[in-house]
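Report on the following structure.
Throughout, read-outs are computed from the coordinates displayed, never taken from laboratory work. Note that this is a predicted model, so its numbers are computed, not measured. Using ideal geometry, Cβ is built from the backbone for each residue, glycine included, and neighbour counts are taken over all protein chains shown.
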Amino acid sequence: MNPINHLSRRAFLRNFTDQPQQQHAKTTAPQEYYTPSSRFFHQQIRHIPSIDLAHWSLTISNYPNSVTFTYEMLRQLPAEEIISVIACAGNDPQRKFVGNARWRGIQIGRLFDQMNSPSTPQYAQFYSADGYITSLPTDALSQAVLAYEMNGEVLLPEHGFPLRLTVPNHYGYKMPKWIGRIELTDEPIASTWEQQSPTENSLLQLDAAIRTPRNRQIIQDEVLIAGIAYSADKIKAVELSINGGDWMPVPSIYQEQYGWAQWQIVWRPSTPGDYRITVRAHDGRSVQLPDSLHSTIVQVVA
């Protein structure tokens, strides 16, 4: 008997993003598609800078040229909003360090165009007020936004006020906060993250997680199984396996632009007992490897 039965549409999911110096997602309240700012995870290498707009500006340089923008100047430029997931490359087994939001700001190419450079620089180096430095190829920034709003509100200090980079399909360590300077060059620099954890690929790797039911939750009758999946590509399919059995498709998947995919299905177990529920996702190019799969165990009682 197939342990997964008919899908029932109901309010999507739960909120799972979090709080302290490394704040992670809370997984107990029903969730909307966008993670509220107060529940969105945040990380920093030192402290959260306190920035006074009266003394802040953004300088973009491409030797020997440079241009400087005040906050007011940036807010007067044409704005663009993107939907993007942000995930930590060093996520924990429960995938707590991941969130999804609407980011509004300036398409970064508009600012680069004002440099009037005779040739196209190969790299952009980003310098943050907390000392964080990172580098990205300029051709990876075609959809990137220098964001000053998150979910329709001005960025909170912990999320990068006054300005943070949002780069769809990349891990969070390539999205610096509190940016004050951008330098365009033909060579990359030694970035803060890469000095600690050398890596050649910052693109999001395919991943999926179960957010409800909770691990070791006791259930009766039917249960809503729901969670997220994300990748540098669109999520094409999500599948579940019960107790190591055959993979079965989840028919309800919702995804916007560069955001995460939310999925859900109602399961009606046939008999009491302990069940291990495992999820995997497909993005059209790859399927998750066995050692990266997320599982939860539930106890079904009569």
(request) Have a look at ALA54, ALA101, ALA209 and tell me which one the Gaussian network model of the chain (Cα, springs below 10 Å) gives the largest fluctuation. (result) ALA54
(request) Please work out how much length the chain gains when fully extended from ARG285 to VAL67, using 0.36 nm per residue of separation minus the C-alpha to C-alpha distance, in nm with one decimal. (result) 74.4 nm
(message) I need LEU146, LEU74, LEU163 ordered by Cβ neighbour count within 10 Å, fewest first.
(response) LEU74, LEU163, LEU146
(message) Shape verdict for region 48-133, please, from the Cα gyration tensor: rounded (a/c under 1.5), prolate (a/b greater than b/c) or oblate.
(response) prolate
(message) How would TRP178, TRP263 line up from fewest to most surrounding beta-carbon atoms within 10 angstrom?
(response) TRP178, TRP263
(request) Can you put GLU187, GLU239 in order of Cβ neighbours within 10 angstrom, beginning with the fewest? (result) GLU187, GLU239
(message) Just to be sure I understand, if you calculate Cα extents along the principal axes in Å for this structure, which of (1) 72, 35, 34; (2) 122, 43, 38; (3) 60, 40, 34 do you get?
(response) (1)
(request) Run the quick spin-label model on ASP139 and LYS236: label points 7 Å from Cα toward the beta carbon, then report their separation in nm to one decimal. (result) 2.4
(request) Show me 244-256, 117-129 ranked by packing, highest mean number of other Cβ atoms within 10 Å first. (result) 117-129, 244-256
(request) Considering only ASN215, ASN100, ASN201, give the residue with the highest GNM mean-square fluctuation for the chain, with springs between Cα atoms whenever their separation is below 10 Å. (result) ASN201
(message) Using Cα-Cα distances under 8 Å and only pairs 6 or more residues apart, what relative contact order does the chain have, in percent?
(response) 18
(message) Run the numbers for ASP221 and ASP246: contour at 0.36 nm per residue of separation, minus the present Cα-Cα distance, in nm.
(response) 6.8 nm
(request) Per DSSP H run of at least 4 residues, take -39500 (n - 2.57); add these up for the chain, divide by its residues and hand me the 222 nm value, nearest 500 deg cm²/dmol. (result) -1000 deg cm²/dmol
(message) Need the C-alpha centroid separation for region 241-262 versus region 101-165, integer Å.
(response) 32
(request) Tabulate in residue order the Karplus-calculated ³J(HN,Hα) for region 61-72, using 6.51 cos²θ - 1.76 cosθ + 1.60 with θ = phi - 60°, rounded to whole Hz; enter x for Gly and Pro. (result) 10, 9, 2, x, 8, 7, 9, 10, 10, 7, 4, 5
(request) Determine ³J(HN,Hα), in whole Hz, for all residues of region 175-182 in sequence, where each value follows from phi through the Karplus function 6.51 cos²θ - 1.76 cosθ + 1.60 and θ = phi - 60°; x replaces Gly and Pro. (result) 10, x, 10, 6, 6, x, 8, 10
(message) If I build a Gaussian network model for the chain, linking alpha-carbon pairs within less than 10 angstrom, which residue out of LEU58, LEU289, LEU111 has the largest mean-square fluctuation?
(response) LEU289
